[in-house]
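The values are calculated or read from the model by the stated rules, or taken from the named source; none is laboratory data. Keep in mind that what you see is a predicted model, and the values were worked out from it rather than measured. As a convention, Cβ positions derive from the backbone with ideal geometry for all residues, glycine included, and neighbour counts pool all protein chains shown.
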Amino acid sequence: MEEKYSSNVLSGGKLGMVEVPNSRLTRYIVLLVVTKVLKALGIFESYDILKVVHIVQFIFILKLGTAVILLFFQKPFSSGKIISKRQWIKLLKHAVFSCVISLLGFFGLTLCGPLRTLLLFEHSDVVIIALLSVLFTSSGGGPSKTRGAAFFIIAVICLLLFDNDDLMAKMAEHPEGHHDSALTHFLYTAIAFLGVADHKGGVVLLVVSLCLKVGFHTASRKLSVEIGGAKRLYALDNLVSAVVLLPWVIVLSATTDSKVESWSALILPFGMIIFSVMILEFYVEAICNTKMEMPRCARYGTIALFFSALLLANFWTHPLTDQLRSMSKPPQQVSTEHVLSGGVVVSAIFFIMSSSILSSPSKKGQKGTLVGYSPEGTPLYNFMGDALQHTSQSLPRFIKDSLKQILEEYDSRQIFYFLCLNLAFTFVELFYGVWTNSLGLISDGFHMLFDCSALVLGLFAALMTRWKATRIFSYGYGRVEILSGFINGLFLMVIAFFVFVESVTRVLDPPNINTDMLTPVSVGGLLVNLVGICAFSHAHSHGAKSCPSHDHGHSHHGHSHSEHSHGGHAHSHGGHSGHGHGGHGHSHGSGGGGMNANMRGVFLHVLADTLGSVGVIISTILIRQFGWLIADPICSLFIATLIFLSVIPLLKDACEVLLLRTPPENEKDLNSALEKIEKIEGVLSYRDPHFWRHSANVIAGTIHLQIMSDVVEQRIIQQVTAILKDAGVNNLSVQVEKEAYFQHMSGLSTGFQEVLAMTQQMETMKCLKDGTCIM
Amino acid sequence: MLPLSIKDDEYKPAKFNLLLKLSGWFRSILADKTSRNLFFFLCLNLSFAFVELTYGIWSNSLGLISDSFHMFFDCTALLAGLAASVISRWRSNDSFSYGYVRAEVLAGFVNGLFLIFTAFFIFSEGVERALEPPDVHHDRLLPVSVAGLLVNLVGIFVFQHGGHGHSHGEGGHGHSHSLFNGSVNHDHHSKHADRHSHGGHDGHGHSHGGHDGHGHSHGGHDGHGHSHGGHDESHCHDELLHTPGKGSSKQILQGVLLHIIADTLGSVGVIISALLMQKYDLMIADPICSMLIALLIGVSVVPLLKESIGILMQRTPPSLDHALPECYQRVQKLQGVYNLQEPHFWTLCTDVYIGTLKLLVAPDADTRWILSQTHNIFTQAGVRQLYVQIEKASM
């Protein structure tokens, strides 16, 4: 291990400060990650050691060991300039501070356990400085930083409130019996004075000492320049701290009797801790900070550290690791281990998120120093800061915007309100379930939550439908609602199938159901769903009634618009603006559409839920009154069949749309329109008429026309467009094929009539053979 | 003027004969390799499920019965694939003017969705079991899952082989179907014959006749037409829409294959966890295995779903994403073209792209030339069917 460390230093020295490509950085990242894992291991180890060794002794040994090794490697006395007396005094102050901070840190470790200490104490300076600047200065650094700070605070609060660690509670009961020195006693009383519980005191202590540490690091930068490098300072600092701690240790060992049986058994763990926590981490971080930019380094390091801490916390007390450790060490008493609670995991996730957000290097722009000055001499960073604030989406603003969008339209508003109602009901159910510790209620709540996903899907589809067409989705996103309806329908089918199967097995073997809890919950669910049905079915009938007339009006509307834009083309080249205008009119008109596939899907889903509640209520009554256990599966069989049958039309319609069927309701109009087109003067024939419904309000069509040579194409196109618009097609493209061949034929001195006859012959031939290749 | 379109209704059989229809279906299933494979595998799967069900009822084991129902549910995926592969070969009619080719995309989509549902259910089940490991009695689990694994392995081999066949078919497909779509070109055969005598080097440039003809007036474009003649050997554009299902049912195969792989993974997971539970008594192995498998399924389905949703939503084909801007530029550089508007390009089914666009041209522009050039440009990019609406700007 020593060799590895020194070789790393050497290789780092060889590479120097050249600009390293990204691929080379990976080795540093790997190195950093390995170091962090080792550090986590070391912290866990030191927690175990701290159970037997007094904290001051422990820190003394650490500092002494580090100082010895560093004296050997760094040679602070023989190299560099001579340190003056004043610098020695500064160094002494520095060492005292570092001792205090490590005391606080390791004391927190004894209180909180290794995992929580790692989560709280081992944050990079960059993260903390960003956090403090968000919290205490007005120019925080944009919404993303605020979000990161919020995550950080949430994580700390999670640790404080939701982390119910049994051991900590146990320790809080008898704090007096555990500690045995003046220092620890003082700290305990200070925490008790704060009025918080013991382990929570540890969290507070760690947060305070974290802030102190960051301040200390920032302050010590000047001293490190004076002394001649951070490494030299570190070596000297360790030495001086060891000297400072020496008298205390002597007094301690004289007055108290040690709990340690054999110091020799502890040499190996101490060596490992010294190596991993004190030395390796320091060097690797120094190297990585020079090779990579600081925030990146901080991010990788923190994430690696937290993950390894989580893993270690999971497996540290595992019997397997105990077996492994018992070979080298006397076994610990397992009962005093801290447990991995849900609060810790949540807060670890939040810590990881916040550190990755806070250490992201968008701070540069905010400072603006890199931007420089404009030719006029005005600083450019002002603009940069503004731009950054605009580009990074603020969460509250995003929510507000999307809420506004949702409430704009009837469909999405309806779904949204119902979703809120459903969610509220679900959460009430969940909370009540957790409160009364009833597993049935909780699982029912989760089932409701799952049902809400259909609503969320519908809501999302209703929102997405209104997105503008992009280059990729050139027809717009109108089809989302059909897809969503289709998915909802399929979903219901699957559910119905499973309910069917379940009830078949129950018919064969009716289980015993306890009916006491069922009724109030299902009545509540029924009420909620009835509200939903009323809301949606209102929309349904309304939409159904107004749909045809609306469509008609709409088509007129679109028609006039497109004529307008045509005029725009004709007069100027501003075709795009005219087009955009027309498109806008379309989307605006399409907004008021009635019952689309999406709404139908949502409606069916709600209907299915209602049926389910009704079925449950009926079967409960039957079971209670008459003791018919068979009623339940029969009810569900019936309901499954009902759902199945009611979904089929929706699925059929959606499938037809997705298969590009000619819209059935327009089929007659379209056929008569095609007949009309054939009768237009100058039109010889048409070919490949394709009409399909793109979304609820857009019917697209394409057609090839063959016209005579002596008619004006534009007139034909306009006539055809008008005819098809009346038939309901509002996204049309007509390809006019003006007998190119007529011209060529005339070049070959063939008569017009002959060519025409030949054309028709070819057409009929094509139609008859229909698929054979004419070479 | 003679009516040039033919109504399909006249040819519809008046009487509905179930037996005839069934045999017709059967024949059409067996006619194509994909559907044949699907059918055989479906039969295998169904028979396995029935055996399981009867054995379950006979031995009164609820686990076996529910497992067999699960198998039936799995079969729906195969059934969907099979139905799609048959439906997609139906001819187009008045209502479905593009034919039923999209059924394959839809089938892939449905399969993907089912898989996502399954993965979700398995995952939630796994979470539930991880929190509260149930007492799994694994005595009968092993033989059933091994048998299921065998069946699924057969399926994987069959469909991977099918995949090869599919790629072969693809190669042939691209050549045998026409890309060009103007009946303009149909009338050039006679003329082209004369012309062909001196243009002897290209064996397959028929459909570019119009373009060649244009070479007379504008010059210099013949080489162009020839060099790309390979794209369009044959003409009957309708054939393209009628029988594209020959080898192109990529989505179906992908969906079905994914489904089978998911099933196989499930069996493997069950076997592994059963072994672990038997040997080492690691009860946690079962939920962890199932969660991993669910995640795997979910991740592997995402591309299929993304692709099929893109197609169903008339997305611009991803394979054309880079080619199209270049094509637009080339069209806009054509003499007389002012502007290009409302370009819509979308995928009908695998490898069949359809596009519509509007061109704003100068009043005195040669629309025929522009039309054929535009067709040419987009045909090179791979667009099978193009509708160009030319609008003349009035000065």
Select from segment B:380-395 the residues that are buried (at least 21 other Cβ atoms within 10 Å of the Cβ) and more than 9 Å from chain A (Cβ to nearest Cβ) and list them in ascending order. B:383, B:384
For residue B:322, the lone unmet condition from (1) more than 7 Å from chain A (Cβ to nearest Cβ); (2) surrounded by 18 or more Cβ atoms within 10 Å (Cβ to Cβ) is (2)
Among the residues of segment B:88-103, is there at least one that is part of a helix (DSSP H, G or I), more than 10 Å from chain A (Cβ to nearest Cβ) and either surrounded by 17 or more Cβ atoms within 10 Å (Cβ to Cβ) or of a type outside the set (A, V, I, L, M, F, W, C) (or both)? no
If we keep only residues of segment A:423-454 that are of a type in the set (S, T, N, Q) and under 23 Å from the mean Cα position of the chain (by Cα), then the residue nearest to residue B:120 (Cα to Cα) is A:453
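If you go through segment B:36-46 one residue at a time, do you hit one that is surrounded by 15 or more Cβ atoms within 10 Å (Cβ to Cβ), facing chain A (nearest Cβ under 9 Å) and either at pLDDT below 80 or more than 17 Å from the chain's Cα centre (by Cα) (or both)?
no
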Going residue by residue through segment A:702-710, is there one that turns out to be modelled with pLDDT of 85 or more and touching a Pro at 6+ places or on another chain (Cβ under 7 Å)? yes
Restricting to segment A:216-259, what's the tally of residues that are buried (at least 16 other Cβ atoms within 10 Å of the Cβ) and of a type in the set (A, V, I, L, M)? 13
Which condition breaks for residue B:302 when tested against (1) closer than 30 Å to residue B:35 by Cβ; (2) touching a residue at least 12 places away in the same chain (Cβ under 8 Å); (3) away from chain A (no Cβ under 14 Å)? (2)
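Hey, can you tell me all the residues within segment B:252-285 that are of a type in the set (D, E, K, R), free of Cβ contacts under 8 Å to residues at least 24 places away in the same chain and in a helix (DSSP H, G or I)? Full working, then the answer.
Taking segment B:252-285 first, the residues of a type in the set (D, E, K, R) are B:263, B:279, B:281.
From the residues that got through so far, the ones that are free of Cβ contacts under 8 Å to residues at least 24 places away in the same chain too are B:279, B:281.
The answer is B:279, and nothing else.
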Residue A:428 fails exactly one of the following numbered conditions: (1) aliphatic (A, V, I, L, M); (2) free of Cβ contacts under 8 Å to residues at least 40 places away in the same chain; (3) surrounded by 20 or more Cβ atoms within 10 Å (Cβ to Cβ). What is the number of that condition? (3)
Being more than 9 Å from every other protein chain (Cβ to nearest Cβ), modelled with pLDDT of 85 or more and buried (at least 17 other Cβ atoms within 10 Å of the Cβ): is that true of residue A:673 here? yes
Cβ pairs under 6 Å, 6+ apart or interchain, first in segment A:216-228 and farther than 16 Å from residue A:126 by Cβ, second surrounded by 12 or more Cβ atoms within 10 Å (Cβ to Cβ) and modelled with pLDDT under 80, ordered by first then second residue, are A:224/A:230; A:228/A:80
Across segment A:688-712, what is the total count of residues that are surrounded by fewer than 20 Cβ atoms within 10 Å (Cβ to Cβ) and not polar (S, T, N, Q)? 6
Quick one: would you say residue A:695 is assigned to a loop (DSSP other than H, G, I, E, B), in contact (Cβ under 8 Å) with a residue 40 or more places away in the chain, within 14 Å of chain B (Cβ to nearest Cβ) and small (Gly, Ala, Ser)? yes
Scan segment A:174-181 and give yes if some residue there is at pLDDT below 80, among the acidic types (Asp, Glu) and in a helix (DSSP H, G or I), otherwise no. no
Those residues of segment A:475-508 which are more than 28 Å from the chain's Cα centre (by Cα) and either surrounded by 24 or more Cβ atoms within 10 Å (Cβ to Cβ) or not in a helix (DSSP H, G or I) (or both) amount to A:475
With the first residue restricted to segment B:34-53 and required to be within 19 Å of residue B:64 (Cα to Cα) and small (Gly, Ala, Ser), and the second required to be part of a helix (DSSP H, G or I) and modelled with pLDDT under 85, Cβ contacts under 9 Å at 6 or more apart or on different chains are B:49/B:67; B:49/B:68; B:49/B:69; B:49/B:70; B:49/B:71; B:49/B:72; B:49/B:74; B:49/B:75
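Pick from B:357, B:312: which is facing another protein chain (nearest Cβ under 9 Å), in contact with a His (Cβ under 8 Å, 6 or more places away or on another chain) and at pLDDT 85 or above?
B:357 is the lone residue from the list that is facing another protein chain (nearest Cβ under 9 Å), in contact with a His (Cβ under 8 Å, 6 or more places away or on another chain) and at pLDDT 85 or above.
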Conditions (1) closer than 19 Å to residue A:536 by Cβ; (2) at pLDDT 80 or above; (3) within 14 Å of chain B (Cβ to nearest Cβ); number of the one not met by residue A:463: (3)
Index of the failed condition, residue A:649 passing every other in (1) under 50 Å from the mean Cα position of the chain (by Cα); (2) crowded, with 16+ Cβ neighbours inside 10 Å; (3) not hydrophobic (A, V, I, L, M, F, W, C): (2)
Hits in segment B:338-351 (condition: surrounded by fewer than 22 Cβ atoms within 10 Å (Cβ to Cβ) and within 12 Å of chain A (Cβ to nearest Cβ)): B:338, B:339, B:340, B:341, B:342, B:343, B:344
Kindly provide the set of residues from segment A:605-622 that are among the polar types (S, T, N, Q) and in contact (Cβ under 8 Å) with a residue 40 or more places away in the chain, ordered by number. A:610, A:613, A:620
